[in-house]
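For reference, the structure is listed below as structure tokens.
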Amino acid sequence: HLYEFLSSVATAVENPVDRSNFVADVLASSIQSLESPNIQNAIQSTEGLLSFMGITQATNPVCVTDRDFVKKVNTDFVILFSSLNQLLSVGKRCHSAARKRPNGGLPVQNLSPVIDESMQNFPDEGPVSINDLAINDPFVPLWPKLLPTLLQVLDITLRVWHPEFQATFLQNNIQRYALAISDDEAYLAMKQESSVGGVFGEGGTAGSIISGTDRRDMNLTPKWAGWFNELRNNCFQLLGLLCSQRVLYAPEISPLFPRLVSIITNQEHLRSMEHRHFNQFLKQFIEMMMLSCPSPLYQSHLTPILGPIFEHLQLRFQYSWGPILGTGGLSIDSTKPLLSNNCADAANQLAREGVESWWMSYYARGGLFVGDLNSVTAEAMVEKTRVDLTRTFSDMIQTVLALKGGWALVLANKAKEEQAGKKNDPSKLNSGPKSKISVICGPTNADGTKRTLAQLHVDARKIHRIDKLCHFLLLENEQIAGYLVLTMIQCLQYPDAYTCRRCTRIVHRTLETVAWVDRYTELLGYRLFSVAVKAIISEPKWMVGIEWDMINIIRDIYGRLVLGQYFLPGGQGPGLQQNRIASNPVRFEQAKAVDTPLLGGGILQTPSDFPRRVLMEIGMSQGDIVTLEKSLLENRSAKDQKEVLRDLLRVAADKTKGQNGILERAGKEESLLHQNTRKPDVTALPEKLVTYSMVKKKEEKNAGPD
């Protein structure tokens, strides 16, 4: 609360130099603590950090419960963590206050009351010096002093999970728990109600990782997991703040940028992170970096980081979901986490079979070591980390492609302005959504919040970045674009409706942006199309409820790559047919919106046979395909075209009955393909309410041992 109060005081100081000096004085003790010989010696190497946290000394079991030693280690760690945490807390508050200033946090002093929407080059859309950034945000002058220490702490913390350290720690009865999840993480995996009293309440998970002891005891062992979580998450959040404050792109930081890239893209770091670590890494740093980077700096600042990360993610997802899908050679048992009674065997496997084999099983279990946790909660923890990672990734890509979040609100505001202009009704600019009662006078955002002059200027820059970032991710770098699209295609196959539904939206944006590019034709027309078709005709139970989304993907691909039709954003609206070129009837005229994906994008001018080949592979004859294309050309409404595709795919689905594979198939009553073949049947309600969960519990009870 003291730092919150002092941050408020700093905000009230008018002079930028005095404001920065005040914040520097407030945080002087934190900076001095990080620069102290004790902390600096501890962070010079991973071995130094392990000794600093009492892990090295744990080879002697007596040390971890020695009262004096525990107090000393605890005090030392609190100094390190609290220093970083105080810097993060004040930095966030300073940044939040800067965004509320009259200029919206932009490094521009006088905002024009009129915005030129045709303007493409903003004076502040590029490298801005720390001195200019400090006019709004008094925290930023501290970064040149803070960043080297932050990078060093992050580097040595990530090294603790490298295979050589895991092989050693997992063999030791005490040191192994430095790699374990915390009691708090186990509690979150249980989805307990708040009424049970939390981790330490009745039914909580305190003492479940290390039987008989928890972090409240005078024992170092149960404290390590939480300490590493706090240290790692603080580092990721501080890097996210570095991006949000735009200091990462300042000229003064350029000498440190290669060091940051070398740590962030270190292949051993990327491979060794557990899913739960990578989840925070994406949310707290990578997403912030993409959203905050000025468009002229995409090549210099995003390319060296995103390329290796997207390449690694594609492999991580493949190994993580392989056992669930029955691919990759690992059984479903490989998804079970390491426990105290079998972690030594995993260490022996690492030594015996080598690192490459280790990674496959490591990702299959999410990298988790859960100590003495019961098997039910442990397996729930693995499932949670696997699903959370793919959901975080899909949410991140949605956000940076303006399909959700702040950038999506910018597009909603733009659409609102266009509607007001078409109807010549300025009053629409002052009204919020119909579902929300608005008491705001004046310009209003599409979500009902107040719209200010500063926001107009910020939004103008965001609209510029929305176009540029989409183009950069999908068309300017082959490594980034290739692995991003491959990963999206993979995600459509994973049995998680949340991820799949969001990936369908990303796929539509991808088609709008690159369908006209020849080098994408095989990837979209064969790989993506075959995945979408297979998902529909195999009728997996987990996909019930999102079949229309997948059929719309099939429609979007077939229209753009075969029929010369494009659609409104998101695959909405009727098929907009392009004429054939008179001098070359084999080719279609390109859509006028080819360079503007937000208006519908373009088409492949020379029709591709890849989608037709996929249809023939599932048993369609050439005559069936000709009939399909004739129907899609004659009936261009979204409803009609999707119905035509559903009828076609129903035939293929019926041919694959009985081929359920590893995943459960939807029953006839659930399947979208067979909705029209079902007879409506309204049965009387039972006198006693019987829910689905009650039925399942009864089945499990009957199936259990007598």
Open item on the list: Can you compute the FRET efficiency between Asp18 and Ser631 using 1/(1 + (r/R0)^6), with r the Cβ-Cβ distance and R0 = 51 Å? Round to the nearest 0.05.
Closed with: 0.10
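How much area per residue is accessible in the chain when the probe is 1.4 Å and only protein heavy atoms are counted (Å²)? If you can, show how the numbers build up before the last one.
Numbers: 31940 Å² over 706 residues.
Here the residues of the chain average 45 Å² of exposed surface.
Kindly sort Ser254, Ser608 by accessible area of their heavy atoms, largest first, with the probe set to 1.4 Å. Working shown, then result.
Working: Ser254 65, Ser608 10 Å².
Largest accessible area first, the residues go Ser254, Ser608.
Can you name the helices of the chain, as whole DSSP H runs, whose Cα span along the helix axis is 20 Å or more and whose Kyte-Doolittle mean is not below -1.0? Mind showing how you got there, number by number?
Values: long enough: 67-99 (47 Å, 0.02); 143-159 (24 Å, 0.62); 224-244 (30 Å, 0.29); 303-325 (32 Å, 0.30); 375-400 (38 Å, -0.01); 405-422 (26 Å, -0.49); 453-471 (28 Å, -0.33); 497-514 (25 Å, -0.29); 638-655 (26 Å, -0.72).
In the chain, the long hydrophobic H runs are 67-99, 143-159, 224-244, 303-325, 375-400, 405-422, 453-471, 497-514, 638-655.
Could you work out Rg/(2.2 N^0.38 Å) for the range 433-569, with Rg from alpha carbons only? Could you put the intermediate results ahead of the total?
Working: Rg = 18.5 Å, N = 137, 2.2 N^0.38 = 14.3 Å.
In units of the globular-protein estimate, the range 433-569 measures up at 1.29.
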Open item on the list: If amide hydrogens are placed 1.01 Å from N in the peptide plane, which non-local residues have theirs closer than 5 Å to the one on Thr596?
Closed with: Gly601
TODO: Find which of Thr205, Val544, Phe22 sits farthest along the positive direction of the dipole of the chain, computed with +1 on the beta-carbon of Lys and Arg, -1 on that of Asp and Glu, about the Cα centre.
DONE: Val544
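Could you give the dipole magnitude of the chain about its Cα centre, charging the beta-carbon of Lys and Arg +1 and that of Asp and Glu -1, in debye to the nearest 20?
On the way: 75 positive and 74 negative charges, 329 e Å.
Charge dipole of the chain: 1580 debye, to the nearest 20.
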- [ ] Would you mind pulling out the separation of the Cα centroids of the range 367-443 and the range 468-507, in Å?
- [x] 17 Å
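Within a Cβ distance under 13 Å of Glu311, other residues only, what is the Lys/Arg minus Asp/Glu net charge? Could the numbers behind the result be given before it?
On the way: positive: Arg271, Arg316; negative: Glu478.
That works out to +1.
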Task: Mean separation of Cα contacts under 8 Å (6+ apart) over length of the chain, as relative contact order % - done: 10 percent
Task: Neighbour net charge for Leu563 - beta-carbon separation under 12 angstrom, K R +1, D E -1 - done: +3
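Inverting the mean 1/r over all pairs of different Cα atoms, compute the Kirkwood radius of the chain and quote it in Å.
Values: mean 1/r = 0.0350 Å⁻¹.
Taking every pair of different Cα atoms in the chain, averaging 1/r and inverting gives 28.5 Å.
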Task: Percent carbon-and-sulfur accessible area, the chain, ignoring ligands, DNA and RNA, probe 1.4 Å - done: 53 percent
- [ ] Could you pull the Cα extents of the range 285-336 along its three principal axes, largest to smallest, in whole Å?
- [x] 47, 16, 13
Open item on the list: So if I take the centroid of the Cα atoms in the range 539-570 and the same for the range 212-284, what is the distance between those two points in Å?
Closed with: 39 Å
Open item on the list: Taking amide H atoms as placed 1.01 Å from N in the peptide plane, list the residues 5 or more away in sequence, or in a different chain, whose amide H sits under 5 Å from that of Phe588.
Closed with: Ile581, Thr606
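Could you compute the net charge surrounding Ala532? Neighbours are other residues with a C-beta less than 11 Å from the C-beta of Ala532; K and R count +1, D and E count -1.
Working: positive: Arg527, Lys534, Arg555; negative: Glu547, Asp549, Asp556.
Charge balance near Ala532 sits at 0.
The values are calculated or read from the model by the stated rules, or taken from the named source; none is laboratory data. The shown structure was predicted, so the numbers you read here are calculated from the model rather than taken from an experiment. So basically every Cβ, Gly included, is an ideal-geometry build from the backbone, and we count neighbours across all protein chains shown. These area figures cover heavy atoms from the full protein model, side chains too; ligands, DNA and RNA do not enter into them. Shrake-Rupley method; radii C 1.70, N 1.55, O 1.52, S 1.80 Å.
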